[in-house]
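Scroll down for the structure; my scribbles are underneath it.
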Amino acid sequence: MNGSANVIGAGPNGLAAAIVLAQAGLRVEVFESESQAGGAARTLPLTLPGFLHDFGSAVHPMAVGSPFFTSLPLSKYGLEWIHPSSPLAHPLDDGTAVILERSLDATEANLDIDGKAWRSLLSPVVDHWFELAPDLLGPVTLIPRHPLLMARLGLRALPPAAWLASYQFRGERARALFAGLAAHSFLSLDEPLSSAFGVILGAAAHAVGWPIPRGGAQSITDSLCGYLAEMGASVRTSTRIAQIAELPKVDLTLFDLTPRQLAKIAGERFGAQYLRRMKRWQYGPGVFKVDYAMSEPIPWRAPECRRAGTVHVGGSFSEIAASEKAMRNGRHAERPFVLLAQPSLFDSSRAPEGKHTAWAYCHVPNGSTFDMLPRLESQIERFAPGFRQCVLERRVFSPAALETMDANLVGGDIGGGASNLLQFIFRPTGQFYATSAPDIYICSSSTPPGGGVHGMCGFNAANRALAGLRQSNRSVR
């Protein structure tokens, strides 16, 4: 296909969109405001010399399970996946930890009385991951590719996590494990759809794993940029676009930005009704994040935590539910649920010999200015006594600090917008990737399927844009 396109934003979705457009034969130019491509998928020297930290995402089940990314020869451009011994550990106050193993059989054995219930809940998704993935990672549709499988998933995914955990599991260990998975939703665990995150992330651990990229998240970005460059497309960094008039005239323009940002840049190109809907877009809760340079591995009381790339720090189901409910009600949890990654246990390139990195965050109200550091570290100390003594240096990111480094993280929202039912179904509007301007599309995590490093927002948006361009060209003829 002849033609040209602009893509604004060089995060994973923007790069994915650019690749699809370039594969179709369009001349593509990508504009990125920061000096380094990647958005939240960047790796930076945030603490001491020799320590490399992932600015945003650190563990990537959706990337390794993405139908689009797996279709690309990214290993040729340096992407190498490392699978920790176990995807996830969830320590408890009795000094043990619940381990989510890559093997569904091993996890079933670990969960004792709830092992069969765990298998029953997740195996339909585990067994059919790549059949379901295009539907899971696309817009909600009345006629999915696999309606019976999606219907079974819907029965598990739509209810609140609190109800599903109570109904499905008899023991506290399985309930705690599921709570940590469901809490990735940024929803209160008594809200609809919170179960969806628990089911999908749990199933992904068994189906494709929760790997880390050797060298950090930047390796994902660099491999995408390398593939894109081979097709003749260019990425212009340190180039902030304030108004659409600043861009070259092209056939298509795709924005890896949130709806309100797009409204500011290109509002004059949209109809009044569409513009109002974009300006009403609701952002989700934020995160309070800390990167650590460590003198040694985190001294977990449960030694099996060292086998996992990710550790969910929050205790029981009821404690995690209370933490997330406080956040959803605009408060700051006394005992926050903490998501922690420890990549240097499995990738020695992240820190000097004998030293380590860690990465942790908790959920806070959007735009919070409250210092959560004492509470966050108290939670880690609870399960890893002596943790603070191992810290050589820390870099703290408030929601505002995160937004300063990536304008898409509005108020610290790492998911591109709230995950309430309305915005889940109509993300960001009923037109999904299209706008009221026929040559402008949105391809950010504010579109289906939402947050995560998977590139599917960009993939879906670019294909929709190409279909529109083909239809327009036929009409002209």
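The table that follows gives values for the structure above.
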quantity	calculated
Hey, ALA233 free of Cβ contacts under 8 Å to residues at least 12 places away in the same chain and under 29 Å from ALA434 (Cβ atoms) or not	no
Residue count, region 95-133 (criterion: closer than 17 Å to VAL208 by Cβ, modelled with pLDDT under 95 and of a type in the set (Asp, Glu))	2
Region 321-348, residues that are more than 19 Å from PRO374 (Cβ to Cβ) and not polar (S, T, N, Q)	ALA321, GLU324, LYS325, ARG328, GLY330, ALA341, PRO343, LEU345, PHE346, ASP347
Selected residue (criterion: farthest from GLY9 (Cα to Cα)) from residues of region 416-442 that are over 22 Å from the mean Cα position of the chain (by Cα) and part of a loop (DSSP other than H, G, I, E, B)	GLY430
Residues of region 56-73 satisfying the condition of being open to solvent by 10 Å² or more (accessible area, probe 1.4 Å) and among the polar types (S, T, N, Q)	SER57, THR70, SER71
Among (1) over 25 Å from ASP127 (Cα atoms); (2) open to solvent by 20 Å² or more (accessible area, probe 1.4 Å) - the single one ALA106 does not satisfy	(1)
Matching entry among GLU319, GLU324 (being among the acidic types (Asp, Glu), more than 16 Å from SER295 (Cα to Cα) and touching a helix residue (DSSP H, G or I) at 6+ places or on another chain (Cβ under 8 Å))	GLU324
Subset of region 7-55 [among the small types (Gly, Ala, Ser), open to solvent by 10 Å² or more (accessible area, probe 1.4 Å) and assigned to a helix (DSSP H, G or I)]	ALA22
Selection status of LEU466, under 29 Å from ILE200 (Cα atoms) and assigned to a helix (DSSP H, G or I)	no
Selected residue (only one of ARG260, ARG277, ARG306 is in contact (Cβ under 8 Å) with a residue 24 or more places away in the chain, in contact with a Lys or Arg (Cβ under 8 Å, 6 or more places away or on another chain) and assigned to a helix (DSSP H, G or I))	ARG260
Pairs, first of a type in the set (Lys, Arg) in region 88-117, second open to solvent by 50 Å² or more (accessible area, probe 1.4 Å), C-beta under 8 Å, six or more apart	ARG102/HIS83
Which numbered condition ALA465 misses (of (1) out of contact with any Asp or Glu (no Cβ under 6 Å at 6 or more places or on another chain); (2) closer than 24 Å to CYS362 by Cβ)	(2)
From the options ALA151, ALA162, ALA174, ALA179, residue that is at pLDDT 95 or above, open to solvent by 10 Å² or more (accessible area, probe 1.4 Å) and either within 25 Å of GLY415 (Cβ to Cβ) or not charged (D, E, K, R) (or both)	ALA162
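Residues are listed down the side, and each one gets a yes or a no for (1) in contact (Cβ under 8 Å) with a residue 40 or more places away in the chain; (2) more than 24 Å from ALA182 (Cβ to Cβ); (3) open to solvent by 10 Å² or more (accessible area, probe 1.4 Å); (4) of a type in the set (A, V, I, L, M):
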{"residue": "VAL290", "(1), (2), (3), (4)": "yes, no, no, yes"}
{"residue": "ARG301", "(1), (2), (3), (4)": "yes, yes, yes, no"}
{"residue": "HIS312", "(1), (2), (3), (4)": "yes, no, no, no"}
{"residue": "GLU319", "(1), (2), (3), (4)": "no, no, yes, no"}
{"residue": "ARG328", "(1), (2), (3), (4)": "yes, no, yes, no"}
{"residue": "GLN342", "(1), (2), (3), (4)": "yes, no, no, no"}
{"residue": "LYS355", "(1), (2), (3), (4)": "yes, yes, yes, no"}
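The values are calculated or read from the model by the stated rules, or taken from the named source; none is laboratory data. Values in this document were obtained by computation on a predicted structure and should not be read as measured data. Every residue, glycine among them, receives a Cβ derived from its backbone with ideal geometry; neighbour counts consider all protein chains shown. When the accessible area is computed, the model is the full protein with side chains, heavy atoms only, and any ligands, DNA or RNA have been set aside. Shrake-Rupley method; radii C 1.70, N 1.55, O 1.52, S 1.80 Å.
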